[in-house]
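Read through the structure below, which is laid out as structure tokens, and then see the notes.
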Amino acid sequence: MGQEKQKQPRKIQDTTRIGHRKRLRERLRRGGHMALHDYELLELILFRALPRRDVKPLARDLLDRFGDLSGVLSAADARLLEVTGIGQEVITEFRLIEAVALNFGRSCIMHKPALANRNQMINYCRTKIAEKNREEFHVLFLDKKNHIIADELMGSGTVDHAPVYPREVIKRALELNASALILVHNHPSGDPTPSKADIDMTNKLYALASQFNIVVHDHLIIGRVDEVSFKNLGLLEPQAPNF
């Protein structure tokens, strides 16, 4: 009898946990992701890796540490492993979700008109580089119909600088027979305000591209919360090249 009484609380906990998970899944089915808070979405992900554990405290701990769902899913393995309760099973689930999100975003924009799908393009760029802790400079190469034909990393560097070589960008554009470009890079500081170096490099690349009849449609700087468009700011101006 003593053993029976000791086991009963565990059974009650298991029943409560299973019921909670069932309710979350039902809310997701009925209302989509908007019906759930970030910590509840994170719980649903953690359920798969930790099926026998109450993951609500862990979900809240992760969000406290990394800020939001995007920050949690893209956090470096080493930092995640510092959190009690996180092992390789959880990290594998996070990497799976991250890969699916990137592939889905890519499929929404590739070989489609970039300018007509601007919001999807920006969402894809945000998913890809907003949470990076180093600067990355990407170029979206477009064909004559402004369909995106390639997304390539053209430079990566430190927390506040990524070396970019305009001649290499144009060389790659010519190899791909691209007619237009959209430049994209992130600011790990979170502030997407263009620096003088950003503006100077963009003007040089713009001027060089114009010599080959290649259009630079925009340069997007991605911050952690929002983004800045050089086109919207009136910063896409030609400048005499100085290479």
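Among the residues making up the range 166-196, those that are out of contact with any helix residue (DSSP H, G or I) (no Cβ under 6 Å at 6 or more places or on another chain) and more than 17 Å from residue 220 (Cα to Cα) are 167, 168, 171, 172, 173, 174, 175, 176, 177, 178, 179.
If the condition is being buried (at least 18 other Cβ atoms within 10 Å of the Cβ), closer than 25 Å to residue 133 by Cα and not hydrophobic (A, V, I, L, M, F, W, C), then the range 205-226 contributes 218, 219, 224. Of the helices (runs of 4 or more DSSP H) entirely within the range 14-96, those holding at least 2 residues that are surrounded by 11 or more Cβ atoms within 10 Å (Cβ to Cβ) and either among the aliphatic types (A, V, I, L, M) or in contact with a Ser or Thr (Cβ under 7 Å, 6 or more places away or on another chain) (or both) occupy 38-49, 56-66, 69-73.
Within the range 159-187, residues that are surrounded by fewer than 20 Cβ atoms within 10 Å (Cβ to Cβ) have Cβ atoms under 7 Å from residues that are of a type in the set (A, V, I, L, M) and assigned to a loop (DSSP other than H, G, I, E, B) in these pairs: 170/214; 179/214, counting only partners at least 6 apart in sequence or on another chain. For the range 111-144, what are the residues that are over 16 Å from the mean Cα position of the chain (by Cα) and outside any loop (DSSP other than H, G, I, E, B)? Matches in the range 111-144: 113, 115, 116, 117, 141, 142.
Taking the range 97-117 as the search range and keeping residues that are of a type in the set (Gly, Ala, Ser), under 18 Å from residue 128 (Cα atoms) and loosely packed, with under 14 Cβ neighbours inside 10 Å, which one is modelled with the lowest pLDDT? Across the range 97-117, the extreme among qualifying residues is 107.
Residues that are of a type outside the set (A, V, I, L, M, F, W, C) and either over 19 Å from residue 152 (Cβ atoms) or assigned by TED's automatic domain parsing to the domain that holds residue 138 (or both) number at least 3 in the following strands (runs of 3 or more DSSP E) confined to the range 163-243: 215-222. Restricting the first residue to the range 90-101 and requiring it to be without any contact (Cβ under 8 Å) to a residue 24 or more places away in the chain, which pairs with a second residue that is among the charged types (D, E, K, R) meet a Cβ separation below 7 Å and a spacing of at least six or different chains? So the pair list comes out as 91/77.
The values are calculated or read from the model by the stated rules, or taken from the named source; none is laboratory data. None of these values were measured; they are calculated from a predicted model. Cβ coordinates were reconstructed from backbone atoms using ideal geometry, including for glycine residues, and neighbour counts include every protein chain displayed.
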